[in-house]
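For reference, the structure discussed in these notes is given below.
The values are calculated or read from the model by the stated rules, or taken from the named source; none is laboratory data. The model shown is predicted, which means the values in this text are computed figures rather than measured ones. Heads up, the Cβs are rebuilt from the backbone with ideal geometry, glycines too, and the neighbour counts pull from every protein chain shown.
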Amino acid sequence: MPHLGETLAARRRSKQSSLLVYMMAGSVPEERFLSTVDALKTAGVTGLELGFPFSDPMAEGPVIQQAATDALRQGFHWPDLLRLLSACSQRLPCAVMTYLNPVLQRGEARAFEEMHGAGGSALILPDLPVEAAGPFRALRRKEKVDTVLLASPATTPDRLSLLVRRTEGFLYLVSRYGTTGAGEGTTPSTQGKEGDLGPLIARAHELRPDLPVLVGFGVRSREDVERHRTSGADGVIVGSAVQTRLSAGRSPEEIGAFVASLLG
Amino acid sequence: MPEWYGSFGGAYVPETLVPALKALEEAWRTARRDPAFKAELARLSREWGGRPTPLYFAENLTREIGGAQIYLKREDLVHGGAHKFNNALGQALLAKRLGKTRLIAETGAGQHGVATAMVGAKLALRTEVYMGSVDMERQKPNVLRMRLLGATVRPVDHGAKTLKEAINEAFRDWITNVQTTYYLIGSAVGPHPFPSIVSDFQSVIGKEILRQSKQAWGGHPDLVVACVGGGSNAIGTFQPMLRTPVKLLGVEAGGSGSSLAVGSASLTKGRPGVLQGMRTYLLQDAEGQVLETESIAAGLDYAGVGPEHAFLKESGRVEYTSVTDREALDAFHRLCRAEGILPALEPSHALAEAMRRARDLPKTARIVVTLSGRGDKDLEVVAQHAPPG
Ligand SMILES: Cc1ncc(COP(=O)(O)O)c(C=O)c1O
C-alpha cells in the first residue's frame, strides 16, 4: 500500500479531500475488524489510524477509553498490533496512534522498525510535544515512518509555525478544546468548544503549501465534514463516531454506509 | 524553576494544554517575586491556616523505642488536617492571578480535595473535585467535608477507581475547559511547571524544620523521614535540606507485602516511563501499561511519583524504601497510645520506618518525621483491621 503521507499530499495537490478513520485495534475480534476495514475501503476512506491501547489515555473521551479497556482486557499486545497492521496496510495506508509510554518501553528505534516492517507509515502520539519529538523525527530517515504532530485551537501563532515546520506527513488539527468524541461524556466537561479553525489552516498552508491539514476530534456528521472542508482543511479524521458503532456490534456494511454518508 | 530533574520531568501533554502551562509558569515566575503575593500567602497561612506548625518531641515514643530521639513535624495541625493546605492555598492565589473562575482538583485520600474546597470557598472560586469511587468509599468523611465546603465531588469509575484515574479525569476536564479553569494539582506530579510549583509551596515544611531544630537544639536533624505518594510532603520537607548534611529518607507504600504485589512503591519497584505529563518512575508492565496499585493509604495508592524524587533516587541524595500496610497500622496504633496523636495512614508509613531506624541509632541522634496529616478520615479503615496484639 502507498505511504499515508504521500497519499495525502498527492490528494492535496489534486484538490481531493481525504478522510481517515480511527479504530482501536483489539477492541473487537480480528475478523470483524478486517471486514470493517474492507467496508471502509469500499466506502472511499483514504487511510486508517490504528489505535494501540494505553492504560491511561489522557486525551480520550469515554468511547475510545472504553475501547482501550476492552482491548487490554482481551490481552491485546504489541505483537498483535503488528499482525493487524500488516493485514490492514495491505488494504489501506495506515498510521498507528497511541501514547508515548508504550513506544518508549518498546524502544523508539525498535518500534519504528517494526511498524515499518508491518507496512505502517505514520505514528501519532497525542502526548508527544514538539519539543520532545526530535528522536522520533530522526528515525524517519531510516524507516519512512512519519511522526505526525498535533495542533489545536489553543495553539499560538508562534507555536503553529514550529509545529508546521516539524510535523511529518500531515498536520493533525484538533478541532476543539476537549477530548475525542463529542457530547458523549461522562463528565460535563466533554462538550468542549470548537475553535475557529479557518485562520489556523490558512496560516499552516501559507507556511508550508504542500502540507495536508486534517481536522479531527468530534467529527461525526456530514455537516461537520462540510464545515471543516469549507474552512480549508484537506480532510477529516473520524474516530469515536466509528468506534461507537464498531463497539456496539454494528456490521461492516452499516459502518461502511455510515462513513459513505459522511463523504456525501 | 527547573523543567528537568536530570532526565526526569518535562511536559508530555496534549497540545491544547501547552499554552496554559506556559501561562502558569509565567504567572508563578512573577508572583514569587511579588511582595504583595508573598505577603498575602504568608498572612493567610498564618491567620487562616495556623502556620507555623510545631516541631514536637515525641518523648514517650522515644522512651519506648529506646534509641534516637523522635520529633514530629506537625502538619496534621494545619487547617484542614494535612500539608495539602500549603499547596492548595498557594495555587489558588495563582489561579486568581490568572483570572480563572473555576478550580478543579483530583484527590485520593480526600485531603487535597478538602484543602481545595476550603480555598475555593474562601477565594470564591467554583470547585469541582474528581475522586475515584473506591477512594470515596474508604475516605467517606472527606467526601462529606468537601460537600459541606461547597465543592462538587465527581466520582471516577474507570480502572482501579483510585488516584491515578482521578488525575486522568481532571486532565480531561482541563483540556476541555482550560480557558476558564485552573487545575489545582495536589501533589508534586504532572507536567512542568506543576512539580516545581508544588515543591515551592510545600517547602515551607522543610524551612520550618530547619529553623525550629536550630532553636530547639542548635543544630539540624540527623535523619528526616517523610512518606511518598506523589511526593509533595516529602519534597517540601527535603527541598530546603538538599544542601545540608541531613540524611533524607522517603517511604513508599508496600501494600499488603505479598511477594506478587507491587504495592504502590514506584521508586523502589518501578522503572522510568511517561505518565500524566511527566517522565518518572512508574509501576508498569513490559509493554508500558501502567499497573493497578494497592495500599491501605489512599493518598499513597499511586503508580507514579514526582519527577524530582526520581532524580533524587538516581543521584543517591535521598534513600527510598517501602513499608507494608501492617507495619503502617502498627505505627498508627503506637502513636495513638504513646502520644495521644491520631495520625493519617499515609505518614504512619514514615513513622513505621523512623521507629525502625531509631532502634539502631544512638540516643543522641535526632530524627524528624513529617506527620503529614491527621487520621480522622481513616477511622473506618483502621477499625476493619485487627488492632496489634
Ligand atoms: C496526610 C497525607 N499525607 C501524604 C499524602 C501523600 O501525598 P504526597 O506524597 O503528595 O505528600 C496524602 C495524600 O493524599 C495525605 O493525605
Note to self: Need the failing condition index for B:Ala188 against (1) touching a Phe, Trp or Tyr at 6+ places or on another chain (Cβ under 8 Å); (2) under 27 Å from B:Ala11 (Cα atoms); (3) more than 11 Å from the ligand (Cβ to nearest atom), just the number.
What the structure shows: (3)
Check: Any idea which residue in segment B:225-254 is nearest to the other protein chains (Cβ to nearest Cβ), counting only those that are in contact with a helix residue (DSSP H, G or I) (Cβ under 6 Å, 6 or more places away or on another chain) and away from the ligand (no atom under 11 Å from the Cβ)?
Finding: B:Gln239
Next item on the list: Kindly provide the set of residues from segment B:268-281 that are surrounded by 24 or more Cβ atoms within 10 Å (Cβ to Cβ), within 16 Å of the ligand (Cβ to nearest atom) and either under 23 Å from B:Gly316 (Cβ atoms) or acidic (Asp, Glu) (or both), ordered by number.
Entry: B:Met278, B:Thr280, B:Tyr281
Note to self: Restricting to segment A:145-156, name every residue that is in contact (Cβ under 8 Å) with a residue 40 or more places away in the chain and within 11 Å of chain B (Cβ to nearest Cβ).
What the structure shows: A:Ala151, A:Ser152, A:Pro153, A:Ala154, A:Thr155
Item checked: Residue satisfying condition, being of a type outside the set (Lys, Arg), out of contact with any strand residue (DSSP E or B) (no Cβ under 8 Å at 6 or more places or on another chain), in contact (Cβ under 8 Å) with a residue 40 or more places away in the chain and more than 14 Å from chain B (Cβ to nearest Cβ), within set A:Gln90, A:Gln66, A:Gln74 -> A:Gln90
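Taking B:Lys214 as the residue in question, decide whether it is more than 16 Å from the ligand (Cβ to nearest atom) and either under 16 Å from the mean Cα position of the chain (by Cα) or without any contact (Cβ under 8 Å) to a residue 24 or more places away in the chain (or both). Explain how you work it out, then say what you get.
Values: more than 16 Å from the ligand (Cβ to nearest atom): yes; either under 16 Å from the mean Cα position of the chain (by Cα) or without any contact (Cβ under 8 Å) to a residue 24 or more places away in the chain (or both): yes.
Yes: the conditions hold for B:Lys214.
Find the helices (runs of 4 or more DSSP H) located wholly in segment B:201-285 whose residues include 1 or more that are hydroxyl-bearing (Ser, Thr, Tyr) and under 30 Å from A:Leu100 (Cα atoms), and list them.
Details: elements: B:204-217, B:232-238, B:266-269.
Passing ranges, in order: B:232-238, B:266-269.
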Item checked: Residue list for segment B:261-273, restricted to those being farther than 19 Å from B:Ala160 by Cβ and within 14 Å of another protein chain (Cβ to nearest Cβ) -> B:Arg271, B:Pro272
Notebook entry, point to check: Counting just the residues of segment A:100-144 that are among the hydrophobic types (A, V, I, L, M, F, W, C) and in contact (Cβ under 8 Å) with a residue 40 or more places away in the chain, which one comes out nearest to the other protein chains (Cβ to nearest Cβ)?
Noted result: A:Ile124
Next item on the list: Could you run through segment B:81-126 and say how many residues are within 10 Å of B:Tyr182 (Cβ to Cβ), away from the ligand (no atom under 16 Å from the Cβ) and within 14 Å of another protein chain (Cβ to nearest Cβ)?
Entry: 3
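Do you know which of the residues in segment B:20-29 that are farther than 16 Å from B:Ala188 by Cα and touching a residue at least 24 places away in the same chain (Cβ under 8 Å) is farthest from the other protein chains (Cβ to nearest Cβ)?
By that ranking, first place goes to B:Arg29.
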Checklist line | Test set (1) surrounded by 23 or more Cβ atoms within 10 Å (Cβ to Cβ); (2) touching a Ser or Thr at 6+ places or on another chain (Cβ under 6 Å); (3) not β-branched (Val, Ile, Thr) - B:Gly306 fails condition number | finding: (2)
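For (1) within 14 Å of chain A (Cβ to nearest Cβ); (2) in contact with a strand residue (DSSP E or B) (Cβ under 7 Å, 6 or more places away or on another chain); (3) among the charged types (D, E, K, R); (4) away from the ligand (no atom under 13 Å from the Cβ), each residue gets a yes or a no:
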{"residue": "B:Gln284", "(1), (2), (3), (4)": "yes, yes, no, yes"}
{"residue": "B:Gly288", "(1), (2), (3), (4)": "yes, yes, no, yes"}
{"residue": "B:His309", "(1), (2), (3), (4)": "no, yes, no, no"}
{"residue": "B:Lys313", "(1), (2), (3), (4)": "no, yes, yes, yes"}
{"residue": "B:Cys336", "(1), (2), (3), (4)": "no, no, no, yes"}
{"residue": "B:Pro343", "(1), (2), (3), (4)": "no, yes, no, no"}
{"residue": "B:Ala350", "(1), (2), (3), (4)": "no, yes, no, no"}
{"residue": "B:Arg359", "(1), (2), (3), (4)": "no, no, yes, yes"}
Check: Among the residues of segment B:170-185, how many are out of contact with any helix residue (DSSP H, G or I) (no Cβ under 7 Å at 6 or more places or on another chain) and within 16 Å of the ligand (Cβ to nearest atom)?
Finding: 1
Check: When the residues of segment B:186-236 are filtered to those that are among the acidic types (Asp, Glu) and more than 16 Å from B:Thr53 (Cα to Cα), which remaining residue is surrounded by the most Cβ atoms within 10 Å (Cβ to Cβ)?
Finding: B:Asp200
Check: List the pairs whose first member sits in segment B:368-385 and is at pLDDT 95 or above, whose second member is assigned to a loop (DSSP other than H, G, I, E, B) and more than 14 Å from the ligand (Cβ to nearest atom), and whose Cβ atoms are under 6 Å apart, counting only residues at least 6 apart or on separate chains?
Finding: B:Val368/B:Pro221
Next item on the list: Could you look through segment B:59-80, keep only residues that are in a loop (DSSP other than H, G, I, E, B) and surrounded by fewer than 23 Cβ atoms within 10 Å (Cβ to Cβ), and pick out the one that is farthest from the ligand (Cβ to nearest atom)?
Entry: B:Gly66
Margin query: For segment A:5-29, give me each residue that is in contact (Cβ under 8 Å) with a residue 40 or more places away in the chain, outside any strand (DSSP E or B) and among the small types (Gly, Ala, Ser).
Written below: A:Gly5, A:Ala9, A:Ser17, A:Ala25, A:Gly26, A:Ser27
Checklist line | segment B:361-387, residues that are surrounded by fewer than 17 Cβ atoms within 10 Å (Cβ to Cβ) and within 15 Å of the ligand (Cβ to nearest atom) | finding: B:Asp376, B:Leu379
